[in-house]
1. Give the residues of the range 25-62 whose amide nitrogen is closer than 17 Å to a point set 7 Å from the Cα of R263 in the direction of its Cβ.
2. Stick to the Cα atoms of the range 16-76, pair each with every other, and give me the Kirkwood hydrodynamic radius in Å at one decimal.
3. Once you have the Cα-Cα distance between D295 and N322, take 0.36 nm times their residue separation minus that, and quote the gain in nm to one decimal.
4. Taking square-rooted eigenvalues a ≥ b ≥ c of the alpha carbon gyration tensor, is the range 43-102 rounded, prolate or oblate, where a/c under 1.5 means rounded and, failing that, a/b exceeding b/c means prolate?
5. Ranked from highest to lowest mean number of other Cβ atoms within 10 Å per residue, what is the order of the peptides 329-337, 125-133, 360-368?
6. Can you run the Rg to Rh ratio on the range 244-287? Use alpha carbon positions and the Kirkwood inverse-distance Rh.
7. Going from the alpha-carbon gyration tensor of the range 350-407, what semi-axes, largest first and in whole Å, does one get by taking the root of 5 times each eigenvalue?
8. Mind checking which lysines have their C-alpha under 24 Å from K216, skipping anything on the same chain fewer than 8 residues away?
Amino acid sequence: MKLFVCGPTVYDYIHIGNARTFVVFDAFAKYLRSTGVDLEYIMNITDIDDKIIARAKEQGREPAEFAKEWEEKFYEDAKALGITAPVYKRAMDHVPEIQSQVQRLRDKGIAYELEDGTYFDLSKFPDYGKLSGRTDIQGDDAVSRIDENPNKRNPGDFCIWKKDRPGWHIEDTAITEKYFGPQYDIHGGGADLKFPHHEAEIAIMESISGLVPFVKKWMHAGFLINKGKRMGKSNANFMTAREALQIYSKETLRFYLLSSHYRSPLDYSEDNLKQAEAATSRLAEFVNKINRFEDEMLKDPNPAIAMMIDQGEKDFYEALENDFNTPQAFAVLFDLIKNLNPLMTKRKFDRPSAALLLAFFKSVNEILGIIPTDLPSLPKTVEMMLDQRERARQDKNYDLADKVRKQIEESGYRVDDTGYGPLVKKK
Ligand code: AMP
């Protein structure tokens, strides 16, 4: 199976809105691979663009070298976010392929020359707008700066080659044609790219090949919204991934970015990030707890527990199978924790079930990357008190639970009861 996702334009740090799209598709690709799909996943790097040229000029730099530096910073951030699924391809490494596409469009009479570049004649592609369902395809938002020229045949015509460099839309089709051929399975990107970028890709590739559809399935990640607007470099409402990673772990950020369905918008708020932090700590605590109490577990397998884990696993994969419903998959995990935790606290858990559960959580983490594995573990005495408090709460002995909580606090730790269960942190 073949997946292509629109990657970054490298002239600045990525923000957590960009990161949302990249994390969503990273997790999606890992999910597909976990089901046995032989997936090729390519992401492009836009390393030539107006914004790059302008920014480089401002700083007295040479654009190619400037872009290279930002490309490296992008890889650092992607790695820090646990993004490992794609293979990256630079636009500027594919100039011959881009020129070949430009030439073929000219040969077919679909592209025409003006004094500053080559343009795609939209009147030659009546299907333009079919992806976004837009009828107003020539509006102001249809063209970028590079596409402006008063002599164009149609107002929406876009530039595929300008003077000495490629137009933006044609980078992606040249790259995908080279590695995937003229048709492939899934194309992803942020929702802002549906029109005109993805419409233009369809127009270019279907015109060249005559094969329809160009891609079988389009997936668009919803926006990360801050203060009512899409988080964006131009809206000055962004937080860079680097800044976010100084405050939160990559698991917390991934949990947060996957906490609403990928097509829906996601609100930026500190509270949402704090919730995600609580959730990932809870997951880590639970895994620690299984490891911690292994010695005290029953030896014989309990089929009822094995069935609960098995059902949880089925529900988890079913949620992902269902249009990659990550919030639903998260809910399955926390339900499982809620149901199994009392059995662990009361020492009714068995070793074979513990092994099943750990293997399942390991697979979950390989796909979603949401369970921190390096959280410092608590001192044994605190763990015992925490356990005693949980048991008291389960027995509705709240006086005892409060007493134990005080003892935990006296030993220098704080207990916060969150929607995801009790969390303990050093004061
Ligand atoms: P850019 O570097 O601006 O070309 O964006 C890189 C990727 O991030 C593209 O797939 C965009 O669609 C996506 N993107 C940009 N802003 C946001 C946002 N606020 N929320 C989600 N995705 C975004």
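The values are calculated or read from the model by the stated rules, or taken from the named source; none is laboratory data. The structure presented is a predicted model; accordingly, all values stated were derived computationally and were not measured. Using ideal geometry, Cβ is built from the backbone for each residue, glycine included, and neighbour counts are taken over all protein chains shown. Each accessible area value is taken on the protein alone, full model and side chains, heavy atoms only, with ligands, DNA and RNA left out. Shrake-Rupley method; radii C 1.70, N 1.55, O 1.52, S 1.80 Å.
1. 25, 28
2. Working: mean 1/r = 0.0729 Å⁻¹.
Averaging 1/r across every pair of different Cα atoms and inverting gives 13.7 Å.
3. Details: separation 27, 0.36 × 27 = 9.72 nm, distance 3.83 nm.
Full extension of this stretch gives 5.9 nm more.
4. Numbers: a/c = 2.94, a/b = 1.10, b/c = 2.67.
In terms of gyration-tensor shape, oblate.
5. Working: 329-337: 19.8, 125-133: 16.0, 360-368: 17.9.
Put in order of decreasing packing, that is 329-337, 360-368, 125-133.
6. Numbers: Rg = 10.5 Å, Rh = 10.7 Å.
Taking Rh as the inverse mean 1/r over Cα pairs, Rg/Rh reads 0.98.
7. Values: eigenvalues 172, 44, 23 Å².
Ellipsoid half-lengths, sorted descending, are 29, 15, 11 Å.
8. Partners found: K2, K30, K89, K124, K130, K178, K194.
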